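Heads up, the thing below is written out as structure tokens.
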Amino acid sequence: MNNYNKYRVGYFPVGNEYMEWTKKDHIEKAPAWCSVDLRDGNQALIVPMTLAEKVEFFKYLVKIGFKEIEVGFPAASATEYHFLRKIIDEKIVPDDVTLQVLTQSRRHIIRKTFDAIKGAPKAVVHLYNSTSVAQREQVFKKSKEEIIKIATDGAELIKEYAEKAAETEGTEFTFEYSPESFTGTEMDFAAEICNAVIDIWQPTPERKVIINLPATVAMSMPHVYASQIEYMCKHLHNRENIIVSLHPHNDRGTAVADAELGILAGGDRIEGTLFGNGERTGNVDIVTVAMNMYSHGIDPGLDFSNMPECVEMYEKFTDIKVHPRQPYGGKLVFAAFSGSHQDAIAKGMKHYEESGKEHWDCPYLPVDPKDLGREYEADVIRINSQSGKGGVAYIMEKNFGYMIPQAMREELGYLVKDISDRKHKELVPSEVFDVFSKEYINVFDPIDITEAEFFRAADSKSTQGVKTKMKVTIKGRKYEFEADGNGHLDAISNGLRKAPYTFDYKFITYSENALSAESHSKAGAYVCIENEQGQQFWGVGTHEDIILASVNALVSAINRENKVDHFVE
């Protein structure tokens, strides 16, 4: 890429005196939100939404909490005009939701815009015209004075039509002005044209005016945009009655940063879309900005507690897939494949559940996935060849109730990782369980204890003295043994040693747990034995009776030892 010299800085930075915003380290309250999914987002689609889709999407935007929704450019599209009439005539718009419509500074367009919103209880009429150097010189070929006149003529017309409509229809109007291509405009000229419009509209505390400052094309690093916003906030007339709105586009991949720093610099309102849909690289992603605030303990005023539904609705209406790594909404944003990450997450979530902590601070998870309608089991710990022992143990406990002993986790982890590696695929929880079950649980070949009864040993004064009568099948041959022991597993071992086979092992550890909280649930038992060569073998047993579960675990461990030919006649 040798043509970099053809490019230059095309924006207009302001002085260091407009960097008061840098003294703030977080956003203290959510801005007002305006969804432009149905206008800016819709016009960016290869196939724009149908009337029915726009109505359904509008209802969804209302459901998740938007109080201002830009519904279209009704003078430019028959579909948008009819959509607006439908939601007004059929009273689909809730009383607390304000419709926003876009218009250029031309009488016939403004007239048709007011026809479209006739009967709406509340409406924002959004006037715009381009103000940048490039637009003035290349597109409109007009002077600054002529560009200002376009804006003021439109402002006068909107004021005129609004006064008439308010008298006849009772609509409560809010006026909005955008110096389109603000980021390529000289800041003193941007302030001049905005103030000319403000002076016509004469905002009051009861009837504020919105001045929208769009990064129509993102041209600078975010801190420059923020300082431009601070400059405008300090130079706008009647600032106390002005709502400063931000409309960042994502050409440089910094729309979220532009929005957040712009709020610190004085912005009161954000216009954007779900997941950043929009022309070129898109608009600011309202989901990300809102959830970033949520992660800092700020109520964003929007409800993303069912994020899977939000993704589903967005993909349905836009025919655009949400990237799996899209912040908060992507399918994999909470997924951990790394073994060390899985271990830290599993321990962190257990600590959060057991400690009763007020504030969330789980490693690697900036927010609790459950707050977004995501499940730990399906979304957080994912198993592939990069996974570790902690992740596999977490899956087994959370999904199936097996509390894998710490000493067993490494062996199980490597077993699962190896299978994932050989198959070149992620293993879902059911597949992980299948691996665990086939390798460890109730392994009854070649030894199968088909029946075992236990009694207190007649010569024992200890409550641990146990006698067993057992029926055993070994390599297809049936046996009956009786034996004593200082416990149930010791008695079983002593009985097996009466068979015409050599059993060389010693007990290393034993543990157990109920596989669910229900009183009739199965118990799980875990036994580790060690042979004379120092090799250890784990077995897992399940049964409604915990004693028989432990017997099954011992038998499973012995049978697993047999796989390496240490079980001989």
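The values are calculated or read from the model by the stated rules, or taken from the named source; none is laboratory data. Please read all numbers here as calculations on a predicted model, not as lab measurements. Counting neighbours? That spans all protein chains shown, and the Cβs are built from the backbone with ideal geometry, glycine included. Only protein heavy atoms, including side chains, enter the accessible area calculation; ligands, DNA and RNA are left aside. Shrake-Rupley method; radii C 1.70, N 1.55, O 1.52, S 1.80 Å.
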Q: Largest first and in whole Å, give the semi-axes of the chain's equivalent ellipsoid, each being the square root of 5 times a Cα gyration tensor eigenvalue.
A: 71, 23, 20
**Q.** Distance cut-off 18 Å, percentage of C-alpha pairs in segment 63-148 lying past it
**A.** 50
Q. If you take the square roots of the eigenvalues of the alpha-carbon gyration tensor of segment 254-352 and sort them as a ≥ b ≥ c, do you get rounded (a/c under 1.5), prolate (a/b over b/c) or oblate?
A. oblate
**Q.** Dimensions in Å of segment 317-359 - Rg and Dmax from alpha carbons
**A.** 14.7, 44
Q | Spin-label proximity, Asp199 to segment 138-182 - amide N less than 11 Å from point 7 Å beyond Cα toward beta carbon | A | none
**Q.** Length-normalised contact order for segment 497-536 - Cα pairs under 8 Å, 6+ apart - percent
**A.** 40
Q) Taking Cα atoms of segment 245-309, Rg/Rh with Kirkwood Rh, to two decimals? A) 0.96
Q. Once every DSSP H run of n ≥ 4 in the chain is given -39500 (n - 2.57) and the sum is divided by its residues, what mean residue ellipticity at 222 nm do you get, rounded to the nearest 500 deg cm²/dmol?
A. -11500 deg cm²/dmol
**Q.** Label point distance in nm, Asp545-Ala499, each placed 7 Å from Cα along Cα→Cβ
**A.** 1.9
Q: Using label points projected 7 Å from each Cα along Cα→Cβ, tell me how many nm separate Lys357 and Arg8, to one decimal.
A: 5.4
Q | For a label point 7 Å along the Cα-to-beta-carbon line of Glu28, residues of segment 206-224 with backbone N under 15 Å | A | none
Q: Any chance you could list P(r) for segment 33-99, counting all Cα-Cα pairs in 10 angstrom bins from zero, rounded to whole %?
A: 22, 62, 17, 0
(Q) Heavy atoms only, 1.4 Å probe, whole protein assembly: order His223, His359 by accessible area, highest first. (A) His359, His223
Q. Once both labels are modelled 7 Å past Cα along the beta-carbon direction, what's the Glu186-Arg422 spacing in nm?
A. 7.4
Q: Using the Kirkwood radius over Cα pairs, work out the Stokes-Einstein diffusion coefficient for segment 299-436 at 25 °C and 0.890 mPa s, in µm²/s as a whole number.
A: 154
Q.
At 1.4 Å probe size, with the rest of the protein present, what percent of the exposed accessible area of segment 474-515 is carbon and sulfur atoms?
A. 46
Q) Using the heavy atoms of the protein chains alone and a 1.4 angstrom probe, what is the accessible area of the chain per residue in square angstrom? A) 47
Q) Which ³J(HN,Hα) values, rounded to whole Hz and listed in residue order, are derived for segment 550-559 from phi using the Karplus coefficients 6.51, -1.76 and 1.60 in 6.51 cos²θ - 1.76 cosθ + 1.60 with θ = phi - 60°, glycine and proline given as x? A) 5, 4, 4, 5, 4, 4, 4, 5, 5, 5
Q: Could you list, in their original order, any pairs among Lys63/Lys357; Lys86/Lys164; Lys67/Lys164; Lys144/Lys164; Lys144/Lys234; Lys316/Lys389 whose Cα atoms are separated by more than 27 Å?
A: Lys63/Lys357; Lys144/Lys164; Lys316/Lys389
Q) Out of residues 5 or more away from Tyr402 or on other chains, whose amide H comes under 5 Å of its own, with H placed 1.01 Å from N in the peptide plane? A) Glu397
